[in-house]
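Worksheet for the structure shown next.
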Amino acid sequence: MSKLEDIVSLCKRRGFIFQGSDVYGGLAGTWDFGPLGVALKRKIMQTWWEYWVDKRDDMYGVDAAIIMNPRTWVASGHVATFADPLVECNDCHGRFRADHLGDFGEGVTTEEFRAAGAKCPNCGKSDWGEIKKFNMMFETHVGPVTDDTSIAYLRPETAQGIFTNFKNVVDTIYPDLPFGIAQQGKAFRNEISPRDFVFRSREFEQMEIEYFVDPENWQKSFDELLTDCHEFFENEMGLKAEDIRDYDVPAEDRAHYSKRTIDIEYNYPTGWGELMGVAYRTDFDLGNIERESGKSMVYRDKMTGKSFVPHVIEPSVGVERLLMAVLTNAYHEDEVNGEKRVVLQLPENLAPYKFCVSPLLKNKPELVEKAKEVYQLLRKKYQNVTWDDSGNIGKRYRKQDEIGTPKCVVVDFDSLEDGTVTVRDRDTTEQTRVKIEEL
Ligand code: ATP
């Protein structure tokens with residue numbers, strides 16, 4: 001089994017992530033988070049929010065509607081150009097993203113694609129139709145009339161909910177430049193071929209920042225934000241520096257308005273892949289809004305009186321891609337007492353539970369009573385604490401290792417005598433005696 005399959009299997013077995021609509025045979029590209037998955041996901045999102053918004057003086061949050069006025073997506077260019085190259089096999093009629101079938105860019109032409117002789121992943125033939133542009137936005141209708149006038153889209157990115165609120169934030173908070181607006185929330189893309197577990201889904205969650213700058217100083221802010229992104233991944237998410245690398249996207253592969261884009265890539269079990277993008281988007285978005293809405297997006301500097309449309313730097317990360325990086329980094333197999341063990345070495349700040357408390361024996365009321373006491377005590381102190389009295393102690397350790405609980409606390413007969421408990425460490429499996437009040 002590859003490591004990805006091991007991770008997928010662990011996620012299902014232990015209630016982290018299930019296929020979306022599993023009971024009806026699933027819905028491709030959608031995933032449901034179970035009790036432990038949602039705990040991990042929320043901790044990742046909460047840590048991100050604390051790091052980027054709560055702990056900084058130059059960042060403000062918003063939470064915009066998912067369904068926006070469709071003019072948003074005309075102005076942003078998504079209606080015209082948010083499309084991937086779709087190609088169909090003439091033999092088996094399988095449909096694929098052309099640029100994923102070889103070393104092509106998204107602008108690959110039919111001639112280039114055919115000349116490269118790519119084989120159909122379904123049937124192995126090499127008989128391809130014309131490449132067509134496939135728009136990835138999900139359409140819906142707003143209100144009781146279903147015609148062209150009521151079309152709306154599920155947002156394909158959270159960014160536009162930030163840009164459309166730029167003026168609202170400026171006019172209510174009066175922030176000094178440079179400053180950022182942050183948002184977390186769902187995004188939807190009708191991906192041609194969702195794949196690699198939650199890496200490429202049709203419904204996912206983004207954490208995006210639009211950082212507004214004076215165009216003269218964009219480089220400084222870009223470099224600082226990029227450094228902060230690395231610090232966040234390494235210090236807050238526990239990822240290793242050697243598994244993260246910057247890909248400086250060459251001009252021909254960047255969006256036409258972007259003067260610089262760095263894709264931060266992670267070493268996933270499937271190989272290096274984009275974890276996030278940091279893009280200098282100039283005044284492209286605010287300029288588009290001015291043109292489409294007729295409203296001014298000019299910012300006036302309080303100190304100098306200088307008036308201009310700010311430029312923007314966008315650090316954008318997908319929650320599921322980050323969660324997959326965190327799981328990849330945490331998943332380990334080792335051997336304990338001659339038996340294979342699976343252990344999720346999650347950083348303590350992300351583990352769904354900090355402690356698991358249990359009585360050595362379930363059928364000894366005095367042990368259960370004492371253990372409940374310890375459990376309540378730890379719950380009050382740390383909140384995320386779990387209780388487990390199922391199976392034998394070895395099985396409980398095995399289960400807690402798999403869900404990443406850093407410490408297991410076991411109450412035994414000595415605990416009744418001397419007020420100490422066994423604390424067993426997830427990573428080293430070492431056991432120590434600790435006084436209850438020192439936990
Ligand atoms: P890719 O090239 O992999 O399709 P992208 O460059 O289109 O990604 P962006 O539009 O820059 O992605 O979106 C910002 C972030 O959102 C990405 O870095 C990624 O973390 C996340 N993301 C984008 N598409 C998906 C998806 N289909 N499933 C999960 N996360 C996604």
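The values are calculated or read from the model by the stated rules, or taken from the named source; none is laboratory data. Only a predicted model underlies this, so the values are computations on that prediction, with no experimental measurement involved. Note that each Cβ is placed from the backbone with ideal geometry, even for glycine, and that neighbours are counted across all protein chains shown.
Residue pairs whose Cβ atoms lie under 8 Å apart, sitting 6 or more positions apart in sequence or on different chains, and linking a residue in segment 322-347 that is of a type in the set (Lys, Arg) to a partner that is part of a helix (DSSP H, G or I) and crowded, with 21+ Cβ neighbours inside 10 Å, are Arg341/Asp401.
Comparison of Glu252, Glu265, Glu290 shows that the only residue that is under 17 Å from the mean Cα position of the chain (by Cα) and not small (Gly, Ala, Ser) is Glu265. Among residues belonging to segment 307-341 that are more than 16 Å from the chain's Cα centre (by Cα) and either buried (at least 17 other Cβ atoms within 10 Å of the Cβ) or within 16 Å of the ligand (Cβ to nearest atom) (or both), point out the one that is farthest from Asp401 (Cα to Cα). Looking at the filtered set, the residue picked out is Val309. Checked against (1) surrounded by fewer than 18 Cβ atoms within 10 Å (Cβ to Cβ); (2) more than 14 Å from the ligand (Cβ to nearest atom); (3) more than 16 Å from the chain's Cα centre (by Cα), Val213 passes all but a single condition, namely (1).
The residue pairs whose first member lies in segment 131-160 and is closer than 17 Å to Ala80 by Cα, whose second member is part of a helix (DSSP H, G or I) and away from the ligand (no atom under 16 Å from the Cβ), and whose beta carbons are closer than 7 Å, counting only pairs six or more residues apart or on different chains, are Ile131/Thr110; Ile131/Phe113. Does any residue of segment 136-152 turn out to be more than 19 Å from Ile67 (Cα to Cα), within 14 Å of the ligand (Cβ to nearest atom) and either surrounded by fewer than 19 Cβ atoms within 10 Å (Cβ to Cβ) or not small (Gly, Ala, Ser) (or both)? Scanning segment 136-152 turns up no residue that is more than 19 Å from Ile67 (Cα to Cα), within 14 Å of the ligand (Cβ to nearest atom) and either surrounded by fewer than 19 Cβ atoms within 10 Å (Cβ to Cβ) or not small (Gly, Ala, Ser) (or both). Anything in segment 1-41 that is within 16 Å of the ligand (Cβ to nearest atom), in a helix (DSSP H, G or I) and over 17 Å from Glu402 (Cβ atoms)? List them, or say none. Listed by number, the list holds a single entry, Lys41.
Residue count for segment 249-284 satisfying the condition of being within 13 Å of the ligand (Cβ to nearest atom) and charged (D, E, K, R): 6. When the residues of segment 160-202 are filtered to those that are within 16 Å of the ligand (Cβ to nearest atom) and aromatic (Phe, Trp, Tyr), the one that is surrounded by the most Cβ atoms within 10 Å (Cβ to Cβ) is Phe163. Of the residues making up segment 27-48, those that are touching a residue at least 24 places away in the same chain (Cβ under 8 Å), crowded, with 16+ Cβ neighbours inside 10 Å and not hydroxyl-bearing (Ser, Thr, Tyr) are Gly29, Trp31, Leu36, Gly37, Ala39, Leu40, Lys41, Lys43, Ile44, Met45, Trp48. When segment 231-262 is filtered for residues that are assigned to a helix (DSSP H, G or I) and either surrounded by fewer than 15 Cβ atoms within 10 Å (Cβ to Cβ) or without any contact (Cβ under 8 Å) to a residue 12 or more places away in the chain (or both), the ones remaining, listed by number, are Glu231, Glu234, Asn235, Ala241, Glu242, Ala251, Glu252, Asp253.
Against the condition within 16 Å of the ligand (Cβ to nearest atom), among the polar types (S, T, N, Q) and touching a residue at least 40 places away in the same chain (Cβ under 8 Å), how does Ser221 come out, does it pass? Write out each step before concluding.
On the way: within 16 Å of the ligand (Cβ to nearest atom): no; among the polar types (S, T, N, Q): yes; touching a residue at least 40 places away in the same chain (Cβ under 8 Å): yes.
No; evaluated as a whole, the condition is false for this residue.
For segment 389-420, the set of residues classified as under 23 Å from Leu327 (Cα atoms), part of a helix (DSSP H, G or I) and β-branched (Val, Ile, Thr) consists of Ile403 only. Scanning segment 83-139 for residues that are among the charged types (D, E, K, R) and in a loop (DSSP other than H, G, I, E, B) gives Asp91, Asp103, Glu106, Lys119, Lys125, Asp127, Glu130. Considering only residues in segment 286-306 that are polar (S, T, N, Q) and assigned to a helix (DSSP H, G or I), the one that is farthest from the ligand (Cβ to nearest atom) turns out to be Ser293.
Which members of segment 264-291 meet the condition of being within 23 Å of Asp214 (Cα to Cα) and among the acidic types (Asp, Glu)?
Applying the first criterion (within 23 Å of Asp214 (Cα to Cα)) to segment 264-291 yields 277-291.
Asp283, Asp285, Glu290 - these are the residues of segment 264-291 that are within 23 Å of Asp214 (Cα to Cα) and among the acidic types (Asp, Glu).
Against the definition (touching a Lys or Arg at 6+ places or on another chain (Cβ under 9 Å), outside the structural domain of Cys11 (by TED's automatic domain parsing) and touching a residue at least 40 places away in the same chain (Cβ under 8 Å)), how does Val385 come out, yes or no? Judged against the criteria, Val385 is not a match.
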